[in-house]
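Okay, structure first, notes after.
The values are calculated or read from the model by the stated rules, or taken from the named source; none is laboratory data. In this text, all values refer to a predicted model and were calculated from it rather than measured experimentally. Cβ sites come from the backbone with ideal geometry, for glycine too, and all protein chains shown count toward neighbours. The area values use the complete protein model at the heavy-atom level, side chains included, leaving out ligands, DNA and RNA. Shrake-Rupley method; radii C 1.70, N 1.55, O 1.52, S 1.80 Å.
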Amino acid sequence: GLQYPLRYWEILNEPEMQGPELTFFQEDSAAYLELLKLSYTTIKGADPNAVVLPGGQAGMHPHSVAYWRPVLRSGGGFFDIGNIHSIGSDDEFFASEYRDLLDSLGHAEKSYWITEAGIPTRPRPGDSPPTEDDLAKMVFTSFAAAFGEGADVIIKIYRGSPVGTDAYEAYLLMARTVGDFVAATRLAENALRFEMIDRKTVYVLWDNAVLPFDVTGTVTVVTYDGDESQEDASSVVGGVPILVIVD
């Protein structure tokens with residue numbers, strides 16, 4: 001009966017994080033599984049339309065996977081959507097690895113969300129620190145790739161892309177352009193196709209990717225930093241990360 005009802009429930013946060021600096025839960029996998037079961041049955045009893053997610057898994061690090069594996073294996077009837085976090089750890093927010101984990105434990109039919117997503121900001125060994133422009137490009141490619149690996153929803157935090165930066169503007173551009181996608185398909189490591197609710201198709205290209213041969217005519221090209229132009233499909237090359245809108 002609420003005007004703005006609570007529909008989505010995340011049961012705790014990163015329960016496997018039990019270190020000296022971050023501790024969100026103090027028990028083992030078996031105790032968390034019992035809490036998940038109790039929470040799920042209570043919430044569904046009050047609202048059958050509610051959607052329940054397990055507490056976000058803190059990445060795909062070995063200790064996280066070891067904690068969550070028995071929960072996901074035995075608790076499949078007590079969550080509706082999978083849930084992974086990636087804060088500066090992986091260029092694609094662990095999307096493909098988490099999908100593989102869910103599939104391996106019998107949850108191929110379940111979708112998953114990335115409820116904390118932050119792009120990596122630390123330089124790789126031997127590299128210079130990323131510039132603001134580098135981070136903007138990374139936002140573009142990271143979000144696209146994660147959607148292409150099956151993530152349904154990505155909830156961003158400001159790590160690496162706070163409000164007012166080029167990276168944040170790139171995030172908003174992605175949200176405006178492909179936020180309402182119906183399906184995302186990875187065509188290559190550097191190319192994705194989004195089918196949109198308005199029946200348009202949007203391609204995301206980078207690292208010199210080109211459009212599929214069957215895309216012809218005039219298309220709208222939007223670069224990661226917002227420059228927009230009309231181009232013939234045959235001449236489009238993702239020299240920088242771009243959105244290509246096919247109407």
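Here are a few things to note about the model shown:
- Here the chain is treated with +1 on each Lys and Arg Cβ and -1 on each Asp and Glu Cβ, and its dipole about the Cα centre works out to around 700 debye.
- Diagonalising the gyration tensor over the Cα atoms of segment 38-148 and scaling each eigenvalue by 5 before taking the square root yields semi-axes of 31, 15, 12 Å, largest first.
- 10 Å beta-carbon shell around T218, net charge (K/R +1, D/E -1): -3
- Rel. contact order, % - alpha carbon contacts under 8 angstrom, at least six apart, segment 70-114: 51 percent
- Charge tally in the Cβ shell below 14 Å around R69, where Lys, Arg are +1 and Asp, Glu are -1, R69 excluded: -4
- For segment 75-234: rounded, prolate or oblate by the Cα gyration tensor [a/c cutoff 1.5]: oblate
- Relative contact order %, segment 100-168, counting alpha carbon pairs below 8 Å whose residues are six or more apart: 44 percent
- The chain, accessible surface, carbon-and-sulfur percent (1.4 angstrom probe): 51 percent
- Cβ crowding within 10 Å averaged over residues, with 179-191, 199-211 ranked highest first: 199-211, 179-191
- R7 paired with D232, simple spin-label distance in nm, labels 7 Å along Cα-to-beta-carbon: 4.6 nm
- Antiparallel DSSP beta bridges within the chain, percent to nearest 5: 65 percent
- Label-to-label distance, nm, for residues given as V153 and I197 (7 Å Cα→Cβ offset): 1.4 nm
- Averaging the Cα positions of each part gives two centres, and for segment 33-103 and segment 121-155 these lie 23 Å apart.
- Top positive-direction residue, dipole computed over the chain with Cβ charges, set A188, P129, Y4: Y4
- Crossing angle, helix 95-104 versus the chain [Cα axis fit, 0-90 degrees, rounded to tens]: 40 degrees
- Rounded accessible area per residue of the chain, 1.4 Å, Å²: 51 Å²
- Most positive-pole-ward Cα, S104, V153, M138, against dipole of the chain from beta carbon charges: S104
- Considering only V210, T41, P62, the residue lying farthest towards the positive end of the dipole of the chain is T41, judged by Cα position with unit charges set on Cβ.
- Rounded to 5, the percent of DSSP beta bridges in segment 1-132 classed as antiparallel: 10 percent
- Normalised by the number of residues in the chain, the average gap of Cα pairs under 8 Å and 6 or more apart makes the relative contact order 12 percent.
- Helices in the chain, meaning DSSP H runs of at least 4 residues, each add -39500 (n - 2.57). Divided by all residues, the mean residue ellipticity at 222 nm is -9500 deg cm²/dmol.
- FRET efficiency estimate (nearest 0.05) - Cβ-Cβ, L38 to D133, R0 45 angstrom: 0.40
- Sites S104 and A46, calculated FRET efficiency, Cβ-Cβ separation with R0 35 Å, nearest 0.05: 0.60
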